[in-house]
Amino acid sequence: MLYKLVGIFKSFSRGERLIFIAASAVFLVSGVILSIAAFYQSTTSTPIEGGSYIEGIVGQPIAINPLIVGDNDADRDLIALLFAGLLDLAETYKSEDSQKVWVINLKPNLKWSDGHPLTSSDVIFTIGIVQDPDTRSPQFATWQGVVAERISELEVRLILKNPYAFFLENLRNLRIAPQHIFDNLPPQNYHLSEFNLRPVSSGPYQFIRFEKQPNGFITKYFLTANKNSVVGAPFIKDLEIKFFTNRAEAISSLNRREIDGIGGLDPSDLASVKVYNRVIETARPRYYGIFFNQGLSQPLKEKAVRAALAQATDRELLIQNALVGRGLPVAGPIPPNIDGYDSSVFAEEIFSVEAASTTLNNAGWKPDEDGVRSKIIQRVKARLEFDLIVPDVKFLVDTADALKETWKKIGISLNPVALKPGEVVSAAIRPRNYQMVLFGNTLNNNPDTFSFWHSSQRFDPGLNLSLFNNKIADGLLESVRQNLNPATRQADLTKLQQLINEERPAIFLYSPNYLYVTSKNLGGFAAESVVVPSDRFYKVHEWFLKTARVFK
């Protein structure tokens, strides 16, 4: 047969041979393309195990222990990778209609990374330690009044003093610690335990080892897939954490391709990223605002002054200039990306220098020779001059400088005072020693703003930075927490937003997006909202670097 085909081919003229060859080539290429298309139509891409990933973190681990974790982001990041939350451990959970009693049923056969059984006793132990004031847990206030009872090895009953509409978030955020490791230690000695740096875990990863310099600076943490993970085996088996003293060092390492990902970047940092990576941008339930301490400024006691400041604040311009467009404008105590926000409350909010000037004129504030407005209050000349405490963070300083220029147009002199973030808290916020402070409030993915606006939170350690004291608002804030009816709770939230908008105890500015830079081949990133930076590791076990085609 082949001999006959060769004979036929030889009988062709030169032109006929070229046509035959071309037709054969087209046929073969078409066949290959159709075969590939058929393969892709009958298969699907699926993640497979493989590869290793290096995460860059600015800071140092101190206590990788959910019992005593504070505000150290390095600790929180590692805890998110190593420790499972209570709802991760739960096979089922339910509550009665009043939501004052919750029953948690744990999955069977749970184990810690050292093989020790994980049971309801670990849950009871963790809650008890969190509630102990000697531990100084940041979740102390959240769990006060909650009685935890052991029903069986796999069942826990939680009894609340009062119903809390957002208690499910508390369950989700509680990461369970191993009782068999810490049970024999007094809480005040937890910081001395070697297990703070060599943790026994229940999450997707487990500790292998760490490296440190002679001066004690920990440079690397090595983690591997936890064979006893309660959330399932991660696709990325080996995870390395590399630590840096500042973001500039971390970005330089990223540019040298020494790390694969880094989070928590400011928008201005992206200009320093030279390698062609992927920027993942997610919303945050956090807003920044300027909070007024009316007790330290006579002019700020006037509602007209506070209203004029709000009218002369161009949120869109601030977002473009300070956040490079990566954020949302915020007009009230609940950001637009949180359930409960009512846009109708702020429908008439506009930026207008002219309207702000008119507001001040009508209130009797007239420009002096230098352009700064003043008037006589109780026989004393008062001028619209204010000091603004601002954390020494570039986008916040840029925001303060922009406001200074805009407010100057309406006869207000603003003096930004940049302090290190820690100094802002210790020297200004805790003693409430400021006329104005530019600061951020972070919500827990729900509209509970009790900590920021209830009168009981006016002084340290409360976070009511405007020292807002309004009995109607107090009642609404309390009702929002305990109201289990979504419709009537929304009515309360609308009233609360209206009241705060009318009183102008603060100027709300914007909500910056969370920025995470990672390699182009990372898949499975699932964090849609980042409350704290460690939330980027939400479902980290589903991250993957490699895929394979499998038949449907």
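Worth pointing out:
- Taken one residue at a time, the phi angles of the range 133-148 give Karplus couplings (6.51, -1.76, 1.60, θ = phi - 60°) of x, 5, 6, 6, 5, x, 9, 3, 5, 5, 9, 5, x, 8, 9, 9 Hz. Gly and Pro are set to x.
- Square roots of five times the Cα gyration tensor eigenvalues for the chain, Å: 50, 36, 24
- Qualifying chymotrypsin sites (Phe, Trp or Tyr not before Pro) for the range 425-521 [loop in DSSP, other Cβ within 10 Å: at most 13]: F459
- Taking the empirical scaling 2.2 N^0.38 Å for compact globular proteins as reference, the range 360-515 has a Cα radius of gyration ratio of 1.20.
- Pairs of Cα atoms nearer than 8 Å and 6+ residues apart set the relative contact order; for the range 403-540 it is 14 percent.
- Shape class for the range 339-387: prolate, because the ratio a/c of the largest to smallest gyration tensor axis (alpha-carbon atoms, square roots of eigenvalues) is 1.5 or more and a/b beats b/c.
- Relative contact order (%) - criterion: Cα under 8 Å, at least six apart; region: the range 286-512: 33 percent
- FRET efficiency for the pair I48 and R247, taken as 1/(1 + (r/R0)^6) with r the Cβ-Cβ distance and R0 = 45 Å, rounds to 0.85.
- Selection of GluC sites (Glu not before Pro), the range 306-384, meeting DSSP coil and at most 16 other Cβ within 10 Å: E348, E349, E369
- For L328, the amide hydrogen comes within under 5 Å of the amide hydrogens of S511, N513, counting only partners 5 or more places away or on other chains and with H modelled in the peptide plane.
- Of all beta bridges that DSSP places with both ends in the chain, some 75 percent have antiparallel geometry.
- Cα-Cα over 19 Å, subset of K220/K274; K227/K520; K366/K409; K237/K546: K220/K274; K227/K520
- Length added when fully stretched, S272-N433, from 0.36 nm per residue minus Cα-Cα: 54.3 nm
- Straightening the chain between I151 and H116 buys 10.6 nm, computed as 0.36 nm per residue apart minus the Cα-Cα spacing.
- Taking the square roots of 5 times each eigenvalue of the Cα gyration tensor of the range 112-269, largest first, gives ellipsoid semi-axes of 33, 19, 17 Å.
- Within straight-line reach of K381, meaning a Cα separation under 12 Å, sit the following aspartates and glutamates at least 8 residues removed in sequence or on another chain: D368.
- Charged-residue dipole, Cβ positions (Lys, Arg, Asp, Glu), the range 120-233 about Cα centre, Debye nearest 20: 360 debye
- When only alpha carbons are used to place a centre, the range 480-515 and the range 103-166 end up 31 Å from one another.
- Full-stretch length increase - R209, N469 - with 0.36 nm per residue and alpha-carbon distance subtracted: 88.5 nm
- Put a plus charge on the Cβ of each Lys and Arg, a minus charge on the Cβ of each Asp and Glu, and nothing anywhere else: the dipole of the range 286-512 about its Cα centre is then about 500 debye.
- Distant-in-sequence amide contacts of Q60, defined by a placed amide H-H separation under 5 Å and a gap of 5 or more residues or a different chain, comprise A74.
- Of all aspartates and glutamates in the structure, those lying under 17 Å Cα to Cα from K404, and not within fewer than 8 positions of it along the same chain, are D314, E316, E354, D370, E385, D387, D392.
- Hydrodynamic radius by Kirkwood, which averages 1/r over all alpha carbon pairs of the range 394-459, in angstrom: 14.0 Å
- Relative contact order %, the chain, counting alpha carbon pairs below 8 Å whose residues are six or more apart: 20 percent
- Shown here for the range 447-552: GluC sites (Glu not before Pro) in loop regions (DSSP other than H, G, I, E, B) with at most 13 other Cβ atoms within 10 Å, namely E528.
- Legend: calculated FRET efficiency, S455 to S529, from the Cβ-Cβ distance at R0 = 41 Å, rounded to 0.05, equals 0.90.
- Taking the range 511-552 and a reference point 7 angstrom along Cα→Cβ of D71, the backbone N atoms nearer than 19 Å belong to 512, 531-535.
- Mean ellipticity per residue at 222 nm, deg cm²/dmol - from DSSP H runs of n ≥ 4 across the chain, formula -39500 (n - 2.57): -9000 deg cm²/dmol
- Average projected area [Cα convex hull, the range 226-383], square nanometres: 16.1 nm²
- FRET efficiency for A347 and K303, using Cβ-Cβ distance with R0 set to 22 Å, rounded to 0.05: 0.65
- Across the range 392-398, rounded Karplus estimates of 3J(HN,Hα) from the backbone phi angles (6.51 cos²θ - 1.76 cosθ + 1.60, θ = phi - 60°) give 6, 10, 3, 5, 6, 5, 4 Hz, Gly and Pro being marked x.
- Part-to-part distance (alpha-carbon centres) for the range 414-453 and the range 245-292, which is given in Å: 23 Å
Bear in mind that the values in this text are calculations on the coordinates, not laboratory data. What you are looking at is a predicted structure, and each value in this text was computed from that prediction instead of being measured. Ideal geometry is used to build each Cβ from the backbone, glycine not excepted, and the neighbour counts take in all protein chains shown.
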